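Encoded as structure tokens, the structure appears first; notes follow it.
The values are calculated or read from the model by the stated rules, or taken from the named source; none is laboratory data. Computed from a prediction, not measured in an experiment: that's the story for all the values here. Methodologically, a virtual Cβ is constructed for each residue, glycine included, from the backbone with ideal geometry; neighbour enumeration extends over all protein chains shown.
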Amino acid sequence: MEYLTASNIIFFILAAAILLFGILTVTSTKILRSATYLFFTLFCIAGLYLQLNYEFLAAVQLSVYAGGIVILIVFAILLIKGLGEDKEINIGQRRIMGLIAAIVGSITCASVIAKFGFLPDYDTAAELTQDVDMQMIGQTLMGTDQYQYLLPFEAVSVLLLACIIGSIAIATKDKEVNK
């Protein structure tokens, strides 16, 4: 039986914070608070990366996701504030659909875990992490060969640009309607 070490205690604290803030993100009725809870969730995930000694991924998590995307969401919220105020919301139906989506997602995750058995093999994991350096991570992220990620990286940047342009277009149309 493993003993409770400082590393395990930090992991449990971060996992509990991720779970708490994740639940608060999807259950909050105020959208700006929900974005704030999302920021805290992403911040705690960066803490898990630091605990795994992946400093680069933690920095990317903080700068790209916690910094960039959450700020983009907040700007989009502020730009289109009040856009759908006159619509009636059926909360009961939304909760049922959310519950169905959560159950389907949980079953899908459980089946994938059962099929592939993501049990840790500590010897293999130690061998894999010894040979990873920053140059290898950079080449993998920005390479065009097989199992390299330049195309998804560029696709996400185009998607974010489209979101910014769309939010500006919606905000300007909304301002023209209110004049």
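Annotations
- Of residues in region 106-158 being within 28 Å of Ile69 (Cα to Cα) and small (Gly, Ala, Ser), the one modelled with the highest pLDDT: Ser106
- Applying the condition of being in a loop (DSSP other than H, G, I, E, B) and at pLDDT 85 or above to region 1-38 and asking which residue is nearest to the chain's Cα centre (by Cα) yields Ser28.
- Applying a threshold of 7 Å to beta carbon distances and a minimum spacing of six or more residues, or different chains, the list of pairs starting in region 1-22 at a residue that is free of Cβ contacts under 8 Å to residues at least 40 places away in the same chain and ending at one that is among the aromatic types (Phe, Trp, Tyr) reads Phe21/Tyr37; Phe21/Phe40.
- Filtering region 39-65 to residues that are of a type outside the set (A, V, I, L, M, F, W, C) and either buried (at least 16 other Cβ atoms within 10 Å of the Cβ) or not in a loop (DSSP other than H, G, I, E, B) (or both) leaves Thr41, Gly47, Tyr49, Gln51, Tyr54, Glu55, Gln61, Ser63, Tyr65.
- Checking each residue in region 75-105 for being modelled with pLDDT of 80 or more and surrounded by 10 or more Cβ atoms within 10 Å (Cβ to Cβ) picks out Arg94, Arg95, Ile96, Met97, Gly98, Leu99, Ile100, Ala101, Ala102, Ile103, Val104, Gly105.
- Neighbours by Cβ (under 6 Å, 6+ apart or cross-chain): first from region 136-152, over 14 Å from Phe56 (Cβ atoms); second hydroxyl-bearing (Ser, Thr, Tyr) and assigned to a helix (DSSP H, G or I): Gln148/Thr140
- Long-range neighbours under 7 Å by Cβ, at least six apart or interchain, first residue within 20 Å of Asn8 (Cα to Cα) within region 51-63, second among the β-branched types (Val, Ile, Thr) and modelled with pLDDT of 85 or more: Gln51/Ile10
- Within region 1-24, being surrounded by fewer than 18 Cβ atoms within 10 Å (Cβ to Cβ) and within 25 Å of Leu72 (Cα to Cα) holds for Ala17, Leu19, Leu20, Gly22, Ile23, Leu24.
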